[in-house]
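What follows is a single structure, written as structure tokens, with notes after it.
The values are calculated or read from the model by the stated rules, or taken from the named source; none is laboratory data. None of the values given here were measured: they were computed from a predicted structure. Because the Cβ atoms are built from the backbone with ideal geometry, glycine has one as well, and the counts that use them run over all protein chains shown. The protein model used for the area step is the full one, side chains on, heavy atoms only, and it has no ligands, DNA or RNA in it. Shrake-Rupley method; radii C 1.70, N 1.55, O 1.52, S 1.80 Å.
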Amino acid sequence: MNLRRNFIAGATLTLLLLATTTFANRDHSWGNYHWARTANPFLVKLGDNVTSVWDPYLVDANIDWNSSSVINTTIVAGGTTAKRCAITSGRVEICNSRYGQTGWYGVAGISVSSGHITGSYVKLNDSYTMSPALKDLVTCQEVGHAFGLGHQDEAFGNVNLGSCMDYTNDADGGGAYGPSNEEPNAHDFQQLETIYNSHLDTFNSFSMIVPEMIAFGDYRSPRSWGKAVRFNPHGQAIAFERDFGNGHKIITHIFPVPGGRYDDEHDH
């Protein structure tokens, strides 16, 4: 696994805002959620709550997303426990643990206040055997969700788009699957530019303290994720919304095990 990769940026393209489709989304922002900031680029802290097994993949994700012209990332000491993986205001907490045969490889959740991201968590599930390429893809994708990106494609069996924001049955590609899906591609970075160059805010949500997070309670299992709001072509719910009122929400995105069914977390 190459921890340092070269990203060759193409010419900036004007993106057409297309109606959201079930897959192959050319506009793949996640519900227009974004971090409030007063200037670009802005810094997003990635809290390291992962074991040494996952550290290389977190390093990869940090390097990959730092290629963005509007977002800078840096790895900092974690601020939660791996099993709980609670959202911390103003950063992304990244964790791994044996969460059980839950039906998902990875989960990303964002806390939202009046449409702005105020914190995020990423959970990587050690209860499933994943290849190095799949670990790279899942880490990259879940961190990408924390910036407000959705999926470019939500079918598993078609040709890879060369983007970690694309589901696949073969993360490192080859043969009929085409390119590797272990890294962001040019369109992911163009989508971030579309999101974050559209306007600036009058405050920075990454420096906010949101005390309501304490009252949000347990959002670690399907029964607490709230209402399913998006399904992939295979009929699996992949996004959930839990509304706490007063503009506060937790939005959860799932990287499902193909054909899996979601279950509550439990130790193995």
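Specify which of the listed residues (G103, G109) is among the small types (G, A, S) and either farther than 23 Å from P258 by Cα or touching a Lys or Arg at 6+ places or on another chain (Cβ under 7 Å) (or both). Break it down stepwise before answering.
Values: G109 fails: either farther than 23 Å from P258 by Cα or touching a Lys or Arg at 6+ places or on another chain (Cβ under 7 Å) (or both).
Checking each option against the conditions leaves just G103.
Condition test on T81, is it part of a loop (DSSP other than H, G, I, E, B), modelled with pLDDT of 95 or more and more than 16 Å from the chain's Cα centre (by Cα)? Show your work before the answer.
On the way: part of a loop (DSSP other than H, G, I, E, B): yes; modelled with pLDDT of 95 or more: no; more than 16 Å from the chain's Cα centre (by Cα): yes.
Against the criterion (part of a loop (DSSP other than H, G, I, E, B), modelled with pLDDT of 95 or more and more than 16 Å from the chain's Cα centre (by Cα)), T81 does not qualify.
For (1) on the phi > 0 side of the Ramachandran plot; (2) of a type in the set (A, V, I, L, M); (3) within 9 Å of the chain's Cα centre (by Cα), each residue gets a yes or a no:
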| residue | (1), (2), (3) |
| --- | --- |
| N96 | no, no, no |
| G103 | yes, no, no |
| A108 | no, yes, yes |
| H145 | no, no, yes |
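If I go through the range 212-246 residue by residue, how many of them are among the small types (G, A, S) and modelled with pLDDT under 85?
The initial filter retains those residues of the range 212-246 that are among the small types (G, A, S), namely 215, 217, 221, 224, 226, 228, 235, 237, 239, 245.
Checking which are modelled with pLDDT under 85 leaves us with 215, 217, 221, 224.
Matching residues across the range 212-246 total 4.
For the range 162-193, give me each residue that is open to solvent by 40 Å² or more (accessible area, probe 1.4 Å), in contact with an Asp or Glu (Cβ under 8 Å, 6 or more places away or on another chain) and either assigned to a helix (DSSP H, G or I) or polar (S, T, N, Q) (or both).
Y177, S180
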